[in-house]
Amino acid sequence: MANRTLIGIWVTIFLLSGCSLIPTNIVNQINMNQGAGYDWAGKNTIKGTITFPIYKKDKPSTTEVKISLGETSKEIWSNINNESRYPLVSGQLRVVLFGESLAKKGITDVVDTLNRDPSIGSIIQMAVVDGDASELLKIEKFKTENVSLFVQEMLDQSMKSDNLPESNLQTYLFQFTQNGQDPYLPLIKQIEDNIKIIGIAILKDDRYVFPIFMEDAFTLKCLVDKYKQGLQRFTLENGEMVVLDNLRSKVHYQVKINKGRPEFTINLKMKTRLQEFTSPKKKRVALDKKHIQKEIAGQLEKNSLKLIKKFQKHGVDPLGLGAKYREHDRSFNKKKWKRFYPTAKVHVHVNVNIKQTGTVN
Amino acid sequence: MQVNKRHQVSPYLVYFIVYNSQVGVGILGFQRTIAAKAGYDAWIGVIVAGCFVQVFIWIMYKLLEKADGDIVDVHSKVFGNILGSVLSFIIMIYYWLASVSVLLGFIEIIQVWMFPTLPSWIICSLILGLVYYCVSGGFRIVVGVSFLSFIFPQIMLIVLYIFPLREAHFTNLLPIMNHSFNDMFDAVKNSMYTLAGTEALLMFYPFIRDAKSSKKFAHLAVLFTTLLYTVSAIVSFTFYSESQIKETIWPELSLIKIIRLSYLERFEYLYISMYLIIVSALLALLLWCSTRGLKRILKKKQKNFLIILSLLSVVISQLINEQFKVVLDKYVTQMNLWIFYGYIPILLIILTILRRRKQNG
């Protein structure tokens, strides 16, 4: 019996010391990387910026921003590791920004590294910066307010309740690898000391081609997302202005194959709520709901077609029309589709329904 | 051969044993292998494979009912003692190799996802220590662990599908049946291996009280796992694009990367740790089958074989290289297909003919 107890104690000691066999990271002895920015620095080198918070006892936390040059993103990582007190870890990464210069050259190399690292989540935010990503992360004002958390929460908030279409690492990878679709990312800009969302960056494969600014973001979001909230102002023909808040919208793509060529019909149904109504006559006029609905639907149709024409002209497909065509054609061929796309016929039907008009009629 | 009633288990527990024997590390990565050729039609292959497994269960029950014992009895009845022992020995080696393959798969996951620097032998001995403890307690303990491995992780396995389903693109699955028969056959073949494991029944059959009534539970368990695998395949297929899944090694684990809780940034740590329950239960079952068979063939104590096999597994896990691992996996898959879907049905036919002759003569 005594023998058994001895063995038990021995095993316990072995197992407890086993904890030291397993590698550990102690939370105040690591630098938790929360944001990263990448810019093109010319001659195959990338300028990487990494931010991490520093917590000190009895003091407000500050954000440390480190910049280094390198040919790959992990090389930058190790360069920055060489000049910091604690090792960098990537499990807390929230946001990755791409400077315009790098985004125009292609971001696949960096994104592949993000996807390869098991400790990086796949819902981290990515965005293209109109300008320099490192300049944006370095803004003095955000020394005490965590800049990466700020950007991440700003994007999150805008995707949930405003006009930015949903995007993150996973949606980017999905759209990038999907046969017949091109990705899009939010576009942000540093304006003096502020960071602002200015639109959506449309990418062709992994290269940034052109921006869609905020006034068209509502239309684009209606076309790509399921149902989300978002405000949009419409000016009617007679000068009345209407602000609608999208409560729920549903988009349905129909594909018809006509003489071997695809033809698309996009049906968009929206349930909205009227938030603001102003008339140039400067007095209260009665709301003609039916008329407003019809006119706004017409405007949205025109606007969508304008956007789609633009996409077709540049040969980019953020709506995933190619993927939708592939679902209906067993002999889908990427080359054939590339030839069809610029001239493919697209019809848009919008149905706007104003459900609520607030507390007044 | 009759087993003491004290060591037998109730018939309904067969459900949990069969479930446990089928679900291993395979479910984390089979989506990629089945989609390699058949693309997104592969989920049909899983259902077809499930039907094959149902037939296989029926064959095994017929065979074991006729012999009223385990596979060792069947072999000695059909082929005599010496040849029968050799054939049984091969099957026991299969059980052990299958356990090694599961163990190596799990070690690889731990090393890639959690502890890149931890040597294999430490993980291996920790897991096998636990498994040894289970198996040395006898079959009833193994069943108990099987039961736990069903109850605990099941909640997580299914509930976690909610997160990826929010971003599912169901139209990914279209157009259905767009692949040749050969490609589909490849998907069936690959799903057969992920659904494998039911062959453990060949060893534990005598341990079921009133074995005949346990038939329906075995069929139910196979139905459940087939559905689980189909759902898992569909969830991954709708979440990833087709070329994305082809480069993701563990699609199901990467799904977990989209979960972020405010108090737990990286959820997969919890998920992989939970997987230890599933893996150790499966290892316990496979090693129990293997050592039980060896005990019956060589007439030595079961514990000795258990220690020898465990030590061998530890050595192999440390020495094995990537190339050898691929070869091992291939051998185990081939052995599984040939032994259990080729040889066992033939064995049933031979046994039936022999019985007929005896009755007639």
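Every number here is computed from the coordinates shown, using simple stated rules; none is lab data. Quick caveat: nothing in here was measured; it's all calculated off a predicted structure. Note that we place each Cβ from the backbone using ideal geometry, even for glycine, and neighbour counts take in every protein chain shown.
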Just want the ordering: A:LYS105, B:LYS330, from fewest to most Cβ atoms lying within 10 Å of their own Cβ.
B:LYS330, A:LYS105
Run the numbers for B:LEU319 and B:GLU65: contour at 0.36 nm per residue of separation, minus the present Cα-Cα distance, in nm.
87.2 nm
If one builds a Gaussian network model of chain A from Cα atoms under 10 Å apart, the most fluctuating residue listed among A:ASN267, A:ASN82, A:ASN33 is A:ASN82
Rounded tilt (10° steps) of B:322-336 against the dominant C-alpha axis of chain B
50
B:PHE89 versus A:GLU145: modelled label distance in nm, points set 7 Å from Cα along the beta carbon direction:
7.6
Return one number: the angle in degrees, 0 to 90 and rounded to the nearest 10, between the long axis of the Cα atoms of helix A:214-224 and the longest principal axis of the Cα atoms of chain A.
90
Average other protein chain Cβ within 10 Å of Cβ, residues A:110-117:
1
On a full-extension model of 0.36 nm per residue, what is the gain between A:ILE54 and A:ARG4, subtracting their alpha-carbon distance, rounded to one decimal in nm?
13.0 nm
Hey, rough spin-label estimate for A:GLN275 and B:GLU265, points 7 angstrom out along Cα→Cβ, what's it come to in nanometres?
3.3
With a Förster distance of 22 angstrom and the Cβ-Cβ distance between B:SER136 and B:LYS216, calculated FRET efficiency to the nearest 0.05 equals 0.10
Ranked output for segments B:348-354, A:70-76 by mean other Cβ atoms within 10 Å, highest leading, reads A:70-76, B:348-354
Rounded to 10°, Cα long-axis angle of helix B:26-38 versus longest principal axis of chain B
80
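Applying a 10 Å radius around every beta-carbon, put B:181-190, A:318-327 in order of their mean neighbour count, most first.
A:318-327, B:181-190
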For the protein assembly as shown, give the share of DSSP beta bridges that are antiparallel, in percent and rounded to the nearest 5; count only bridges with both residues there.
65
Among DSSP bridges having both ends in chain A, what percentage is antiparallel? Round to the nearest 5.
65
Can you work out the FRET efficiency for the pair B:ILE346 and A:HIS349, with r the C-beta to C-beta distance and R0 = 51 Å, to the nearest 0.05?
0.20
Length added when fully stretched, A:ASP245-A:GLN157, from 0.36 nm per residue minus Cα-Cα:
30.1 nm
Violating pairs (Cα-Cα greater than 23 angstrom) within the set B:LYS5/B:LYS295; A:LYS259/A:LYS334; A:LYS204/A:LYS324; A:LYS221/A:LYS306; A:LYS256/A:LYS289; A:LYS105/A:LYS221:
A:LYS256/A:LYS289; A:LYS105/A:LYS221
How many nm separate the modelled label positions at A:ILE198 and B:PHE79, each set 7 Å beyond the Cα in the direction of the Cβ?
7.7
GNM on chain A, Cα springs under 10 Å; top mean-square fluctuation among A:LEU236, A:LEU114, A:LEU244 goes to A:LEU236
Tell me whether the stretch B:156-196 comes out rounded, prolate or oblate; compute the Cα gyration tensor, take square roots of the eigenvalues as a ≥ b ≥ c, and use a/c under 1.5 as the rounded threshold.
oblate
If you take every DSSP beta bridge fully contained in the stretch A:226-361, what fraction is antiparallel? Give it as a percent rounded to 5.
65
Fewest to most neighbouring Cβ within 10 Å: what's the order for A:THR343, B:THR226, A:THR49?
A:THR343, B:THR226, A:THR49
Which one of A:VAL224, A:VAL151, A:VAL316 has the biggest mean-square fluctuation once chain A is modelled by GNM with Cα springs under 10 Å?
A:VAL224
